[in-house]
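The values are calculated or read from the model by the stated rules, or taken from the named source; none is laboratory data. In this text the structure is predicted, and so the values were computed from the model without any measurement. Using ideal geometry, Cβ is built from the backbone for each residue, glycine included, and neighbour counts are taken over all protein chains shown. We work out accessible area using only protein heavy atoms, side chains counted, and drop any ligands, DNA or RNA first. Shrake-Rupley method; radii C 1.70, N 1.55, O 1.52, S 1.80 Å.
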Amino acid sequence: MSLYPLFADLRQRAVLVVGGGVVATRKVDGLLRAGAAVTVGAPTLEPALAALAADARIRHVAAAYAEEWLDEGRGGDGDGDEPAGYWLVVVATDDAALNRRIAAAARRRRLFVNVVDDARLSSFHVPAVVDRAPLQIAISSGGTAPMLARLLRERLEVLLDGALGPLAALAARFRARIHARHPEAAARRRFYSSLFGGPVADLLRRQQPALAEAVLEAALRAPDAPSAGSVVLVGAGPGDPGLLTLKALRALNEADVILHDRLVGPGVLALARRDATLIEVGKTGGARSTAQERIHALLLEHARAGRRVVRLKGGDPFVFGRGGEELEFLRANGVAYEVVPGITAALACAAYAGVPLTHRDHAQSVHFVTAHCRDSLDTLDWHALAQERQTLAVYMGVAGLETLRERLLAHGRAAATPFALVENGSRESQRVVLGTLGQLPDVANTHKVCTPALLILGEVAALAGALHWYGAPPLGGVRDVSLRRAA
């Protein structure tokens, strides 16, 4: 984040606008709506500004710019009769050399300056704003792509209904009473969630403010219901935050406590509510791990304390994620739960590597397999897995690639069968390594493939070279597979 976002209170505070044209008019309009005391310095004013000056809504200095303007009234504190000087300077002239002079002079005086359409000269930027007063949403590109910021504002204008403003104003009026009624933060959050998503908001949407206020009054008088905790098992997907479902995002924003796997990336965790408690409960082979019994104990502890708990798992909770074990434990202990599926690693890694897991010409089935230890390898049906015209998606198999190759070759899978190893699938650091089954452990060692990585083995893996679309091109090589169906 290169800019620090803030909202400035400009009521009765002096702001200087240099320039008297159409652009200056737009800037003055926003400043007046914020309650600023605006001075416009320009030899002449366009008609709309001239009308504001005639109505004494702005002060007009009818002259060419002089550096002394920036010193007007400096030294006061703005709280009494003594003028405090300008708080902000907006430069809206079409003279580039003059704009540079004004910006430099403002910087010397430690005045924040905005030079319209020149991000390099500006020390503050005016964002695109979605106005649902008193609620405001500001969007800034740091001056680099103002049209993109405006496009986002247009989209948000459609999404955010007009009831948000009255709802925010009603919440502000009742804030002290809500805090007095619900002094504990968790209970207060639940009340606000009900307020913002329940009948009060709906009545304001239907233009019935008096009835909305009466419903809010009744809710404040109602006795407290016992606070029941709950757990949501949420699939975080393989790493790209854009692959979260809407339900997963909602759960993250409602959670009091989030127990997350080590491989859940910072981009996903950044979407959680800011004051949620984050607890890492990851498992990593050969490194510090959290025992499953400890995870169960934490789920029970926080749920019984009346908290909303999210158990955030990489991929999907029910695909090699022990989600079933955790639900069995919660059910046995009477804890309410729900499950939000996630995009499992096999689907995401294959898609981001350009590998279709099934294909009419090359693979009529797909097997999801885990190979993180010898015990799991010994339980697999190798005869079935070694059949042709199918795809194997092998989770957690980096440490067992040599055994995997030996078992498949011994049961008849061809050494020339293509594979794709997808490391950090869907993340910025994604790598795809290609080869054939006979080369599998050697190629992985050559390219130093590390966990998390998913192995895709089968004829379809050869398509990665042709269908690559995300990140760096695949490493290694494998024979091409025709994309045309056989006649």
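Compute the FRET efficiency between Ser289 and Glu328 as 1/(1 + (r/R0)^6), taking r as their Cβ-Cβ distance and R0 = 25 Å, and round to the nearest 0.05.
Computed FRET efficiency for Ser289 and Glu328 comes out at 0.75.
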Q: With everything on Cα atoms, drop me the angle between helix 22-33 and the longest principal axis of the chain, reported from 0 to 90° to the nearest 10.
A: 90 degrees
(Q) Using a probe radius of 1.4 Å on heavy atoms only, what accessible surface per residue do you get for the stretch 118-171? Whole Å² is fine. (A) 58 Å²
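Local charge sum around Ala384 (other residues, Cβ-Cβ under 13 Å, Lys/Arg +1, Asp/Glu -1)? Walk me through the numbers before you get to the answer.
Details: positive: Arg389, Arg407, Arg413; negative: Asp381, Glu388.
Residues near Ala384 contribute +1 overall.
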**Q.** In nm, spacing of pseudo-spin labels at His411 and Leu148 (7 Å Cα→C-beta vector)
**A.** 4.9 nm
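Quick one: if the Förster radius is 22 Å, what FRET efficiency do Ser123 and Arg11 give, using the C-beta to C-beta distance and rounding to 0.05?
Numbers: r = 22 Å, r/R0 = 0.98.
Taking R0 as 22 Å, the efficiency between Ser123 and Arg11 is 0.55.
Note the full-extension length gain between Leu467 and Arg262 as 0.36 nm times their separation in residues minus their Cα-Cα distance, in nm to one decimal. Let's see the in-between values first.
On the way: separation 205, 0.36 × 205 = 73.80 nm, distance 3.08 nm.
Additional length available on full extension: 70.7 nm.
Can you work out the accessible area per residue across the stretch 205-271, with the rest of the protein chains kept in place, probe 1.4 Å, in square angstrom?
Details: 3390 Å² over 67 residues.
It amounts to 51 Å² per residue over the stretch 205-271.
Run the dipole for the chain about the Cα centre, Lys and Arg Cβ at +1, Asp and Glu Cβ at -1, nothing else charged, and hand back the magnitude in debye, nearest 20. Kindly include the intermediate steps, with their values, before the conclusion.
On the way: 56 positive and 50 negative charges, 68 e Å.
The calculated dipole for the chain is roughly 320 debye.
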Q.
Multiplying the sequence separation of Ala63 and Ala218 by 0.36 nm and subtracting their Cα-Cα distance, what value in nm do you get?
A. 49.8 nm
Q: At 7 Å along the Cα-to-beta-carbon direction for both Asn445 and Glu157, put a label point, then send me their distance in nm to one decimal.
A: 6.3 nm
(Q) Which order do the peptides 16-25, 189-198 come out in when sorted by mean C-beta neighbours inside 10 angstrom, highest first? (A) 16-25, 189-198
(Q) Testing the spin-label approximation: label points 7 Å from Cα along Cα→Cβ at Ala51 and Leu3. State their distance in nm. (A) 3.0 nm
Q.
Report the gain in length on full extension from Thr277 to Glu428: 0.36 nm times residue separation, minus Cα-Cα distance, nm rounded to one decimal.
A. 51.7 nm
Q | Karplus-derived 3J(HN,Hα), 6.51/-1.76/1.60, for each residue of the stretch 3-17, Hz, glycine and proline x | A | 10, 9, x, 8, 10, 9, 8, 9, 4, 6, 9, 7, 10, 9, 10
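Give me the 1.4 Å probe accessible area per residue for the stretch 316-355, excluding ligands and nucleic acids, in Å².
With all protein chains present, the stretch 316-355 gives 46 Å² per residue.
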Q.
Taking θ = phi - 60°, what integer Hz values does the Karplus form 6.51 cos²θ - 1.76 cosθ + 1.60 yield along the stretch 462-467, in sequence order, with x for Gly and Pro?
A. 5, 6, 4, x, 7, 9
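Please give the net charge around Ser227, taking every other residue with its beta carbon less than 13 angstrom from that of Ser227, where Lys and Arg add +1 and Asp and Glu add -1. Spell out each step's value before the answer.
Values: positive: Arg188, Arg189, Arg190, Arg304, Arg307, Arg308; negative: Glu184, Asp224, Asp256.
In short, +3.
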**Q.** Label point at Arg189 placed 7 Å out along Cα→Cβ; residues across the stretch 323-355 whose backbone nitrogen lies under 13 Å
**A.** none
**Q.** Residues whose placed amide H lies under 5 Å from that of Thr277, excluding near-sequence neighbours
**A.** Val257, Ile258
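Based on the inverse mean of 1/r over its pairs of different Cα atoms, what is the Kirkwood hydrodynamic radius of the chain, in Å? Provide the component values of the computation, followed by the final result.
Details: mean 1/r = 0.0360 Å⁻¹.
By the Kirkwood definition, the hydrodynamic radius is 27.8 Å.
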Q: Whenever you get a sec, compute what percent of the accessible area on the chain sits on carbon and sulfur atoms (1.4 Å probe).
A: 55 percent
**Q.** Cα lying deepest toward the dipole's positive end in the stretch 273-394, options His296, Thr277, Val319, charges on Cβ
**A.** Thr277
